[in-house]
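Here is the structure we will look at.
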Amino acid sequence: GEDVEQSLFLSVREGDSSVINCTYTDSSSTYLYWYKQEPGAGLQLLTYIFSNMDMKQDQRLTVLLNKKDKHLSLRIADTQTGDSAIYFCAGHGSSNTGKLIFGQGTTLQVKP
Amino acid sequence: GAGVSQTPSNKVTEKGKYVELRCDPISGHTALYWYRQSLGQGPEFLIYFQGTGAADDSGLPNDRFFAVRPEGSVSTLKIQRTERGDSAMYLCASSLTGQGFNEQFFGPGTRLTVL
């Protein structure tokens, strides 16, 4: 089955860029997603990328997809303290039911 | 508009007891998903409903877990003979459809603690 791996922790200073990385084993997912989870709040979709794209930019967020290496990354420009949260990458794998397979999450700590 | 809601927000029970967790999806969303999230892990898929039927229940860990969605809206996750290992955050999500680009909207979760 699908396996999604993420680094567990990233610490940056406010104003720096953050890069969160994700690798996956099953390349059949049509879409790949980044979700954000803040304490006491539900998971929130941040952005997504269609599998035939290499890059997608959405304001401070840039998603890069390297299909050959099965590597997905999320870059947050000008990181703010409000960006502190857990970030999950997710894909559908080979499923056609829409279920999501999540990585274990990367905790982003932003220091003032 | 109202998002996905889940009740209760917290549930503490004793080993061996039966529990029910409720999910109210966004109105009009035909797809509904249940996930389980253990501490320090990502959400793990349990079951997916398209309308009233369970289209994929491959994530249910064993036959103590069961879920229903009788009218295609509210769903209930039922756990019989609870075990300490069932302690986790149970998340519900809904989406407009279950196919193609599929933004899943998550509820705040029910934290289940089995003593």
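Cross-chain or 8 or more residues apart, Cα under 19 Å: how many lysine pairs in the protein assembly as shown fit that? Count them up, please.
Lysine pairs satisfying the spacing and distance rule in the protein assembly as shown number 9.
Sort the following peptides by mean Cβ neighbour count (other Cβ atoms within 10 Å, averaged over residues), highest first: A:103-111, A:30-38, A:10-18.
Details: A:103-111: 18.4, A:30-38: 20.1, A:10-18: 14.2.
Top of the packing list down: A:30-38, A:103-111, A:10-18.
Can you tell me what the convex hull of the Cα atoms of the protein assembly as shown projects to on average, as an area in nm²?
Working: hull surface 49.3 nm².
With every direction weighted equally, the projected area is 12.3 nm².
Suppose R0 equals 41 Å. What FRET efficiency, 1/(1 + (r/R0)^6) with r the Cβ-Cβ distance, do A:S51 and B:R22 give to the nearest 0.05?
Result of the calculation: an efficiency of 0.70.
Ratio of Rg to Rh for region A:22-112, alpha carbon only, Kirkwood? It would help to have the intermediate numbers written out before the result.
On the way: Rg = 13.2 Å, Rh = 13.6 Å.
The Rg/Rh ratio comes out at 0.96.
FRET efficiency for B:Q80 and A:Q104, Cβ-Cβ distance as r, R0 = 25 Å, nearest 0.05? Show your work: numbers first, answer last.
Numbers: r = 28 Å, r/R0 = 1.14.
Using R0 = 25 Å, I get an efficiency of 0.30.
Write down the percent of antiparallel bridges among all DSSP beta bridges whose residues are both part of the protein assembly as shown, to the nearest 5. Don't jump to the answer; show the numbers that get you there.
On the way: 69 of 78 bridges.
Counting DSSP beta bridges with both partners in the protein assembly as shown, the antiparallel share is about 90 percent.
For A:D58 and A:D78, compute 0.36 nm times the residue count separating them, minus their Cα-Cα distance, and round to one decimal in nm.
Details: separation 20, 0.36 × 20 = 7.20 nm, distance 1.33 nm.
That pair, A:D58 and A:D78, stretches by 5.9 nm at full extension.
Taking region B:58-115, which trypsin sites (Lys or Arg not before Pro) meet the DSSP loop condition and have no more than 15 other C-beta atoms within 10 Å? Show your work: numbers first, answer last.
Values: sites: B:R64, B:K78, B:R81, B:R84, B:R111; in loops: B:R64, B:R81.
Those satisfying the criteria are B:R64, B:R81.
Just so you know, all these numbers are worked out from the coordinates, no wet-lab data involved. What you see is a predicted model; the values in this text were computed from it and never measured. So basically every Cβ, Gly included, is an ideal-geometry build from the backbone, and we count neighbours across all protein chains shown.
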